[in-house]
1. Percentage of Cα-Cα pair distances in region 66-115 greater than 13 Å, rounded to whole percent?
2. Counting only trypsin sites (Lys or Arg not before Pro) that sit in a DSSP loop (anything but H, G, I, E, B) with at most 16 other Cβ atoms within 10 Å, what is the longest stretch of the chain containing none of them?
3. Return the Rg/Rh value of the chain, two decimal places, where both radii are evaluated on C-alpha atoms and Rh is the Kirkwood radius.
4. Stokes-Einstein D for region 1-53 at 25 °C, 0.890 mPa s, Kirkwood Rh over Cα pairs, in µm²/s?
5. Enter the accessible area of residue 68 (Å², nearest 10), with the probe set to 1.4 Å and all protein chains included.
6. Using a probe of 1.4 angstrom, how much of the accessible area of the chain is carbon and sulfur, in percent?
7. Run the simple label-point estimate for residue 38 and residue 65 please: 7 Å along Cα→C-beta, distance reported in nm.
8. Can you tally the net charge around residue 84? Count Lys and Arg as +1, Asp and Glu as -1, for every other residue whose Cβ sits under 15 Å from the Cβ of residue 84.
Amino acid sequence: SLIVKNVAGTSLLNVDNSTETTAVRALKVLYTEVTNTKITASVPSYILGVSRTGSVEINIPAASTYGSGAMLVVKDEVADRGGSHILLSASAGYSIDGSDTYILTGSMPSISLYSNGSNWFIF
């Protein structure tokens, strides 16, 4: 087990071996701003914020690259995409909920994905 406290004695991080749980007082994850028309997500990206207007394509790497239990969030940060979309494409041999691609449309949509090490799933 591991416990990390601040100077006031407040627990900030608690890893419990007996229950195999981790408690974090506040969580900050890696944010990547998407400004190009085409990118490939990369480890350790967790949140991809799409700020580019117009259509954008994001290649989602192999689920095995991220590993089992990894999560990835894609959020459209543009209020009016003007009829364009965000296309997610799975790496060759992998899928997103059984499909090669997934399209985000509408007003500022988002998608949360997790990997089981073999494929990506929406949750």
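1. Working: 748 of 1225 pairs.
Tail of the P(r) past 13 Å holds 61 percent of the pairs.
2. 29-123
3. Using only Cα positions, Rg/Rh for the chain is 1.08.
4. Details: Rh = 13.9 Å.
Diffusion coefficient, whole number: 176 µm²/s.
5. 100
6. Accessible surface attributable to carbon and sulfur in the chain totals 51 percent.
7. In this crude label model, residue 38 to residue 65 measures out at 1.5 nm.
8. -1
The values are calculated or read from the model by the stated rules, or taken from the named source; none is laboratory data. Computed from a predicted model, the values in this text were never measured in an experiment. Here Cβ is always computed from backbone atoms with ideal geometry, including for glycine, and neighbour counts include all displayed protein chains. Just the protein is used for accessible areas: all its heavy atoms, side chains included, with ligands, DNA and RNA removed. Shrake-Rupley method; radii C 1.70, N 1.55, O 1.52, S 1.80 Å.
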